[in-house]
Structures are given as structure tokens and as C-alpha cells.
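The block underneath contains the structure these notes are about, expressed in C-alpha cells.
The numbers here are math on the coordinates, done by the rules we state, and not lab data. Please read these numbers as outputs of a predicted model, since none were measured by experiment. Using ideal geometry, Cβ is built from the backbone for each residue, glycine included, and neighbour counts are taken over all protein chains shown.
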Amino acid sequence: MVNVTLLKKSLLRTGTVLFLCTLVFQCYVFMMVNKEYITTDNNNLKDAQYLYFAYGSNMSEQYLRNIRSVTPKAKDSAKLLGYQLGFSMKGINFLEPGFANISKVADKKVSVEGVVYSLDESDFHKILNSESSLYRVEQVLVTPASGKSILAYTLTSPNQGKYTPSRRYLNRVLVGAKENGLSPQYIATLKDTQSAYTPLLSEFMGAIIHAVVHYKSGQTQSLNLKPRSS
């Protein structure tokens with residue numbers, strides 16, 4: 001027979017260890033994400049080696065610098081016409097069900113708001129190496145707030161359905177949108193998006209994801225992409 005007392009003690013110990021591990025991870029992530037940094041106030045994108053259009057969590061310069069170790073040379077808010085944002089990239093599990101993705105639409109009045117970054121090759125490596133292998137690199141025509149339309153690289157994935165983003169991930173997208181002054185209407189739409197959250201387990205999974213992304217951004221891999229011609 002199962003000793004109920006021993007089983008309860010074992011479950012209690014397991015829960016305590018999980019809670020302490022989560023607490024340590026969360027402290028680590030908080031310190032990493034909230035490190036002080038000097039923001040990029042340069043919006044001159046003309047001399048960029050690589051232009052990268054971010055529309056998800058990478059809109060946040062704070063996140064790029066502190067988690068992905070990426071240092072943008074310049075940035076500007078931008079719009080991508082003829083595309084729409086959705087959380088159609090399948091996630092890891094019920095704790096992180098879906099991630100941001102963009103897809104073409106017939107209506108050219110529909111747009112995705114985001115941030116276009118000027119990056120050197122090393123930093124563009126870090127982004128690609130630490131993103132899901134399900135994303136593919138695509139060149140799109142974006143319109144920065146400060147100038148005429150330009151070609152930039154972005155990440156897309158075949159539409160895999162409709163998924164709910166985690167509360168952690170959606171909050172990171174919102175931070176990036178507010179950091180870069182995206183339109184109030186766009187931010188309101190993001191706020192209205194339903195999100196998933198499971199106490200304790202969501203924090204634990206979020207901390208693991210941050211740690212993995214931070215680690216993978218330090219790996220090297222050939223880009224096989226052409227730098228932007230000046």
C-alpha cells in the first residue's frame with residue numbers, strides 16, 4: 001500500500017524545491033531584463049549593415065540588450081503594409097502556447113506596427129541564432145516614421161493556426177510597443193489579446209526561456225545573407 005504520509009511529504013518537498021528554483025530564476029531574469037542601459041536615440045538607418053524589422057518581443061530594446069546581448073546602432077518605429085499580426089506560431093506547451101507571427105493579407109490598408117533596427121552582422125547573428133528554427137528570414141518593405149520606405153529583414157513562419165500567447169510574452173510585446181511609441185490603437189489591440197497564465201509554472205517556464213535565449217544568442221552560425229548595400 002502507498003504510504004499517504006510519505007507521499008504528501010514527497011510532494012511537499014518537490015513543490016518547495018520547484019518554488020525555490022522558480023524564485024531564483026525569477027530574480028535572475030529580473031536583474032537581467034532590468035539592467036540599466038543607454039537607449040538608442042539615433043534614427044539614422046542609412047548606414048546600416050543589416051536592417052531588421054521586429055514586431056514581437058524584440059521590439060523592446062531593453063530585451064534585446066539585456067537578454068539577447070544585442071546593441072542596436074539606430075532604430076525607428078515603422079509600419080509594414082499588407083501584413084497582419086497574429087499569434088500563429090505554435091509555442092512550446094500550455095505554458096507558452098503561441099508566439100507572434102505576421103502574414104500577408106490582400107488589404108494593403110492593414111498593417112503591422114513595429115521597430116526597424118540597424119544592426120551589425122554579429123548582432124543579427126545573435127537574433128537569428130536565438131529564435132525558433134520555425135521562423136524563416138524574409139525581406140519586406142517597411143516605412144519608418146522618419147523617412148521613406150526601405151527593405152529590411154524580418155522573421156515569418158507558415159501560419160500554424162491560432163494560439164494564445166502567455167501573459168509573460170504578451171507583456172514583453174507590450175513593453176516594446178510602449179517603449180517605441182506605437183499608436184495607441186495598436187497598443188489597445190494588443191492589450192485586448194487573451195493570454196495564458198498558470199501560477200508558479202508560468203514563471204518557471206518564462207525564466208527557463210529567458211536563460212535559453214540568452215545562451216543561444218552567444219552561439220555562432222553562418223548567416224548566408226547579403227548585407228545591406230549602401
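Out of every Cα-Cα pair that the stretch 38-177 contains, those further apart than 27 angstrom amount to 15 percent.
Could you work out the local net charge near SER77, counting Lys and Arg as +1, Asp and Glu as -1, over the other residues with Cβ closer than 12 Å to its Cβ? Don't skip to the end; give the middle numbers.
Working: positive: LYS75, LYS79, LYS178; negative: GLU61, ASP76, GLU113, GLU179.
So the surrounding residues net to -1.
Longer than 24 Å from Cα to Cα, which of LYS90/LYS191; LYS73/LYS126; LYS109/LYS178; LYS104/LYS126; LYS126/LYS162 are they? Say none if no pair is. Don't skip to the answer; put the middle values down first.
On the way: LYS90/LYS191 20 Å; LYS73/LYS126 15 Å; LYS109/LYS178 22 Å; LYS104/LYS126 26 Å; LYS126/LYS162 28 Å.
Correct reply: LYS104/LYS126; LYS126/LYS162.
Between the C-alpha center of the stretch 136-164 and that of the stretch 167-197 there is a gap of 18 Å.
Taking label positions 7 Å along the Cα-Cβ direction at both TYR215 and ASP47, the computed distance is 3.8 nm, reported to one decimal.
Among residues other than SER60 whose Cβ falls under 12 Å from its Cβ, what is the net charge (Lys/Arg +1, Asp/Glu -1)? In short, +3.
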